[in-house]
1. Given springs between every Cα pair under 10 Å in a Gaussian network model of the chain, which of Gly162, Gly247, Gly364 has the largest fluctuation?
2. Given Cβ point charges of +1 (Lys, Arg) and -1 (Asp, Glu) and nothing else, what value in debye, to the nearest 20, does the dipole of the chain about its Cα centre take?
3. Residue by residue through region 324-330, what is 3J(HN,Hα) from phi via Karplus (6.51 cos²θ - 1.76 cosθ + 1.60, θ = phi - 60°)? Round to whole Hz and write x for glycine and proline.
4. Mind checking which of Thr248, Phe178, Ser274 is farthest towards the positive end of region 174-284's charge dipole, using Cβ charges of +1 (Lys, Arg) and -1 (Asp, Glu) about the Cα centre?
5. Decide, for region 64-138, between rounded, prolate and oblate: order the square roots of the alpha carbon gyration tensor eigenvalues as a ≥ b ≥ c, take rounded if a/c falls under 1.5, and otherwise choose prolate if a/b is larger than b/c, else oblate.
6. Count the net charge of all other residues whose Cβ sits under 13 Å from the Cβ of Arg137, scoring Lys and Arg as +1 and Asp and Glu as -1.
7. When a footprinting reagent is the concern and you count Cβ atoms within 10 Å, what order do Arg257, Arg366, Arg19 take, fewest first?
8. Post the alpha-carbon centroid distance, region 289-324 to region 89-122, in whole angstrom.
Amino acid sequence: MEHRELIEEVKGHFYWLHRHPELSGEEFGTTEYLKKALAAHNIPVYPLPLSTGLVAYVGQGNPVIAFRCDIDALPIQEESGLDYSSEYPGRMHACGHDFHAAALLGIAMALQNDNSLSGTVKLIFQPAEETLGGARRILETGVLDEVQVIYGLHCCAAYPVGTVISRPGFMNGAVDEFRIDFLGRGAHACRPHTAADPVIMIGNFVQAAQTIVSRNVNPFHPLLVGISHIEAGTAKNIIPEKGVAEGTIRSLYPEDRKLAKERLGSLARSIAESFGGSADVHITDGSPATNNTPEWVSLVEQVARKLGMPFVSAPDSLSGEDFAFYQQKIPGAFIQIGTGIGPMMHNPAFRANPDALEPAVQFGARLVREALEKLKNVESC
Ligand SMILES: [Zn+2]
Ligand SMILES: [Zn+2]
């Protein structure tokens, strides 16, 4: 297939996917569409027990690597003004997962035409990245058991088209969510001595929770305890019975993650008790921190340089990314590619410039070839 024709087809896939965004775990139409697009190029798909998402492959034999994209959209009303905007009210590809899926289709098509590929690449079209769970579902199928190296690609609205961004070590943070219900005793506002006031509990808890970062964790370790939602009461003259505080804990090091969760729970419980109430603490574990293998990041940098694409070291970030689940088992790296500077991901005005598809496909296909070559050389040593 001629290069220009391939890129035009990939852009067509991107526009279709952008018009038809589906939420996490509900990517039925998207999965059907991707299967048809792969079948049209004789790219096989593994028969896996997945209700949405899929894993295809190109090449044969060892070594085996994997390349992951995600396919889910967000519950956001699109305001990008694009002529290929979402056709579904209240849903939008605001994190560029349509771009990732189209780029991975292009990478698959480019490699399918390449008889010199020295091994196998498994192409993961992962569901449910935004709500987590998608990476674990793919891992549970066992389809990645033989994989030696894994790469993941995400767009980035902070860099010009075609910039390649990565870094060795931590690139995203572990993100855990918490909800704490403070349970007290309600009363008329004029009789506070008969109440156990959850507003007082929450007020003290919000202050105390900040000491986890400032007093419990090594000051050279990044940690964030954020309380973003508090709620209690219904009227000016009623002391409420209960209140709630919700937020996230973002960390890099597993020992800090564990300690922050424990301290948060014990502070909430002891503060609630000291004011005559109690606290129900619910902490939901999210993804761990992405942690890139230096050796495989160097290859990313080398391939970018060979293709004349600028390589930038990824800035510090405690955003979450469930690619980290793969990295707990398989070495590899998470990579971002610049899709033009503009409103950031998860913003209703977000747009990924389709011109970035060509460098993304070229870069991804070359990276796969070189990673397989590198593994082959190691094996034959
Ligand atoms: Zn996102
Ligand atoms: Zn995303």
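Derivation of every value follows stated rules applied to the coordinates shown; laboratory data play no part. All of these numbers come straight from a predicted model, not from anything done at the bench. Cβ placement follows ideal geometry from the backbone for every residue including glycine, while neighbour counts extend to all protein chains displayed.
1. Gly247
2. Working: 31 positive and 44 negative charges, 158 e Å.
For the chain, the charge dipole is close to 760 debye.
3. With the stated coefficients, region 324-330 comes to 4, 4, 5, 5, 5, 10, 10 Hz.
4. Ser274
5. Values: a/c = 4.68, a/b = 1.74, b/c = 2.69.
Because a/c hits 1.5 or more and a/b fails to exceed b/c, region 64-138 counts as oblate.
6. On the way: positive: Arg68, Arg136; negative: Glu27, Asp70, Asp72, Glu129, Glu140, Asp322.
Summing Lys/Arg as +1 and Asp/Glu as -1 gives -4.
7. Values: Arg257 22, Arg366 19, Arg19 16.
Least crowded to most crowded, the residues run Arg19, Arg366, Arg257.
8. Measuring centre to centre over Cα atoms gives 18 Å.
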